[in-house]
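Reviewing the structure listed below.
Bear in mind these aren't lab numbers, they're just calculated from the coordinates by the rules spelled out. All values reported here derive from a predicted model rather than from experimental measurement. In this analysis, Cβ positions are derived from the backbone assuming ideal geometry, glycine residues included, and neighbour counts consider all displayed protein chains.
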Amino acid sequence: MDQIAQTIIIGIANGMIFALVALGYTLVYGIIELINFAHGEVFMLGSFIALVLITTVFKITAGTPLALMVVQVLIVIAITMLATATLNVSIERVAYRPLRNAPKLAPLISAIGMSFVLQNVALLIFGPANDGVDRILPNINVLSVFGITNVTISAEQVFVALVTIPLLLALSWFVTKTRQGKAMRATAQDPDTAGLMGVDVNRTIAITFLIGGALAGAAGVVQILYNNTTVWNLGFRFGLNSFTSAVLGGIGNLQGAVLGAMVLGLINAFSDRYLAANWTNAIVFAVLIAILVFKPTGLLGQQLADRA
Amino acid sequence: MTAPTASTPQTKPIKPGVIGWLGSLADAAMAAPGAYRQALRRHRRRTIILTVLLILAVIYPVINREFFQAYNRSSSFPLPFPEDAVVTFMMIFCIMAIGLNIVAGFAGLLDLGYVAFYALGAYTAAFLASPHFGSVSLVLFSNVPPGFPGIHLPFWMLVPLGFAVAATFGVLLGAPTLRLRGDYLAIVTLGFGEIVPVVFKNLSAVNLDFGPIHLVNANLTGGNLGINPIDPPRFFGISFGSSSGIAAVYLGMILLVGAIVIARNLERSRMGRAWMAIREDEIAAEMMGVNLVRTKLLAFGLGASFAGVAGVMQSSYQGVTTSDFFMFSTSILILIMIILGGIGNIWGVIVGALTLTFLDKTFLPYLGQRFQAISPDLPNPSQFNFLIFGILLVVMMRFRPEGFIPSRQRAAELRHAPAGQAIGSAAVMGDAALASEELADTLAAEQVVEVETEAAVAADEAAEAEPPKDTP
C-alpha cells in the first residue's frame, strides 16, 4: 500500500513535467496541426540553460541560504523561459513559417530536421556525457510534518508542483480570459476566418510558439532540479512521452494534455516499479499506438477524427 | 519442361540440372544482343545511359580497390575513396531507400519507423544462420559441419525469409493503422520503430510459463550484445562476408538490381498507378475504384520487405547484429536519402542513398581525420553528421522539396497541384512560390505534362509492346 502510494506520488511528479512539455505540443498542434518534433529539444536545451545558470552563473548549492535560493531559482526560471521562448519562436520563423501553405507533411519533416540540428548543437556544446547538478533542495520528507513517515514527498516534488500548478493556471487564464487568448482559439478553429476578423494570424502563431517554448523552458528547470541530470538526447524520449500525453488527452485540448500527462506519468512510474524500467519506453509507445488506432480523439478529445 | 512440338519448332528442349541451366543462360546471352539492339532503336539515349551506368557500376568496385584504395595506401595525401565495406553498405542503403520510396514516394505514406523492418530482417538472418540457438542443431544446405550447434540456413533461403518476415510485420502494423492519415501515421510508425529494437534488446532473459511454453532465463535475442557470429553468405563454397572485399559488393549489387527491377515493375503496374492515385488524392482514388486498404497494405508490406532483405544482407555481411544498429536516426537517414534524391523517383533515391552513405561513412570521417591532422582541437564532423543532415532536411523542405532528381510525374504534380490541397501526401510537397516561379519556365513543358497522366503512362506501355515503327 505504501509502495503504491509512493509510486503514485512519483508518477504525478513525472506527470507534471510531462504536462509542461505536452502543453507545447498540444498548443502548436491545435493551432497549425503540426507535430512540433523539435519541441522536446527545446525542453532539452532549456534544461542545459538552467544547468549552466545554476552551476556557473549563480553558483547555487545546497548551502545557499533559503531566501537567496528562492530568488535565484526564480531568476533562473525566468531567464530559461525567456531563452527557450525566443528559441521556439525563431524555429517557427525559420523552419515552419515558410512552409505554412505547403502540404502538412513538409513542416513535419522540417521539424524532424530541426530536432536533429538542436540535438547536435547540444552535443557540440555540452558533449556526449550526462551533465548534472548536485542536489540543491534540502533532503526532507514534507509529509513528516503531518506525522507520516512511510510515504515520502520530497522537497523536489513540492518544487515541481509549485512551478507547474501556477503556470498551468496562468495559461488557462491567458487562453480563456485575454484578448490574445481569444485570438488563439479563433485561429485554431479557422485561421482564414480569424484573419478576416482582424486577427494577426502570424503573430498569434508566433505567440503560441512563444508560450510553448516558455513552458518547455520551465520544464527544463524543473528537470534539472528534480532529476538533477540532463543529456543531449534527453529531448527525444522525453518529447515522445509528452507528445503521447498530448495525444492521450486529446491533441489540441489543454486540459486533456494535463490529464494525459498525469496518466502517462503514472504509467511510467508503475511500469518502472512493477515491470521493468527497460520496458517502459516500449509500453509508452504501445500506449501511443493503441490510442491512435482505437481512439484518435484521446480521452477528452476534440473533433479531430477526420484530421487524424 | 515439355518436349518441342510442331507448333513451336524453334523452342529447344530444356535439359534438367546445371547443364540445362547453363544452356538457357547461353540462349539468353545469344538473344541479348538482338534485344539490346531493339531497345537501342526505341530509347536510344536512355539505353546508352543505362548501359554506361551498368558498366561503370560493375567495374567500379574493382577500380576502387585496385587504383583508388591502392593510391590511398601509398600516398601521403589520401583522398576520400570509400572502403569496400562502405560500398557494400551503399548497396544495402540503396535497397532500403528504394523500399522506403515505395511507401513514402509512391504511396505517400510517411514511415518514420522504417528501421524496424531492417531490424526484423537482420534478426531473421541472425536467428537462422548462427550458433545462437545452441541447444538445437539444424544445418540445411549450409557448409557448416552437420551437428554444429544452432540453426544454419543458407543465404539464398534467408533472403526470401527476411522478405517474408518484414512484409508480414509491415502488413500487421499497417492493418490497424493505415486508416490514420499523414502525421498520425508517421507517429505510429515511429513508435513501432522504437518498440522493435527495445524488444530485441530486452528479450535476453525471458522467464515465461504459459501453457505449453516454459522458458527459464531464456536468451532469445542476445540482449545488448546482439547476435555474433552470424554465418556469412556463401555460394559455391565462396564466402561473401565482410572479409571478402569486393565479392560482397557484387552480392549487394545483385540484390540491388533485383530491387530496382521489382520496384520499376511495381511502379508501372496497376498497383503502382493506384499508389500514385492515393498519394495525389485519396478520396478521388477511392471513387475511381481503388481499394484503399488493399493498396496501402501492399505498399506497406512490399516497402517493408525491401528493408527485410537489406537487413538480411547487413547481418550476414557484418556477421554481427545488435539492437543499437537500428536507431530512429537510421530511419531518418533513409528518409533524407529519398528526399535529397527526389522522392518518388527510383534513380533519384539511388543517387540520394549513394551520396548520403558516402557522406556519412567516408567523406565526414575523412574530413575528421584531416581536421585532426591539422589540430586535435578541431571538431570532428563525423560526430556531427546529423547536424549536417538536419540542416539538409530543413533546407530541402524550404527550397527544393521535390529533391534534386525528381520524377517527371512528380515534377508535373508539383507544378499543377495547388499547394496544400494534397492532404497527407508526403510526395506532393511543392510550395506555391516555387510552383509559380517555375511555371513560366515550363509553359511549353506543361503541354507534355498534361498528357503525362495515368492514361498516357498506359499508352506509353502499349506503345512499347508494339513493334518499333520508326526506322533510323
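Considering every residue in B:378-389, what mean count of other chain Cβ atoms within 10 Å of its Cβ is obtained? Don't skip to the answer; put the middle values down first.
On the way: counts 0, 1, 0, 0, 0, 4, 7, 2, 7, 8, 3, 4.
Taking all residues of B:378-389 together, the mean is 3.
Just rank A:S47, A:S271, B:S331, B:S242, fewest to most, by other beta-carbon atoms within 10 angstrom.
The most exposed by this proxy come first: B:S242, A:S271, B:S331, A:S47.
Listing B:H214, B:H43, A:H39, B:H132 from the residue with the fewest other Cβ atoms within 10 Å to the one with the most, what is the order? If you can, show how the numbers build up before the last one.
On the way: B:H214 10, B:H43 14, A:H39 36, B:H132 21.
Final ranking by Cβ density, sparse to dense: B:H214, B:H43, B:H132, A:H39.
Let me know the mean shielding of B:333-342 by other chains, meaning the per-residue number of their Cβ atoms within 10 Å of its Cβ. Intermediate values should be presented prior to the final figure.
Numbers: counts 0, 0, 3, 4, 0, 0, 3, 0, 0, 0.
Counting Cβ atoms of other protein chains within 10 Å of each residue's Cβ and averaging gives 1.
Before rounding to the nearest 500, sum -39500 (n - 2.57) across all DSSP H runs of length at least 4 in the protein assembly as shown and divide by the residue total; then give [θ] at 222 nm in deg cm²/dmol. Please list the in-between numbers first.
Working: 30 runs with 497 residues, N = 780.
Calculated from helices alone, the mean residue ellipticity at 222 nm is -21500 deg cm²/dmol.
Kindly provide the pair-distance distribution of the protein assembly as shown built from C-alpha pairs, with 20 Å bins from 0 and whole-percent values in order of increasing distance.
It works out to 14, 45, 32, 8, 1, 0, in whole percents.
Based on a Kirkwood Rh over C-alpha pairs, give the Stokes-Einstein translational diffusion coefficient of region B:86-451 at 25 °C and viscosity 0.890 mPa s in µm²/s. Please list the in-between numbers first.
On the way: Rh = 21.6 Å.
D, rounded to a whole number, is 114 µm²/s.
Largest first, please: the extent of the C-alpha atoms of chain A along each principal axis, to the nearest Å.
Here the spans come out as 59, 43, 40 Å, largest first.
For region B:86-451, what's the relative contact order in percent, using C-alpha pairs closer than 8 Å and at least 6 residues apart? Walk me through the numbers before you get to the answer.
Details: 678 pairs, mean separation 101.2, N = 366.
So the answer I get is 28 percent.
Would you mind giving the average projected area, over all directions, of the Cα convex hull of region B:213-269 in nm² with one decimal?
Working: hull surface 32.0 nm².
Across all orientations, region B:213-269 yields a mean hull projection of 8.0 nm².
I'd like the distance separating the alpha-carbon centroids of region A:1-74 and region B:39-104, in whole Å.
49 Å
Is the shape of region A:207-284 best called rounded, prolate or oblate, per the rule: a/c under 1.5 gives rounded, else a/b larger than b/c gives prolate, else oblate, with a ≥ b ≥ c the square roots of the Cα gyration tensor eigenvalues? All intermediate terms of the calculation are to be shown ahead of the outcome.
Numbers: a/c = 2.06, a/b = 1.23, b/c = 1.67.
Since a/c reaches 1.5 but b/c is at least a/b, the shape of region A:207-284 is classed as oblate.
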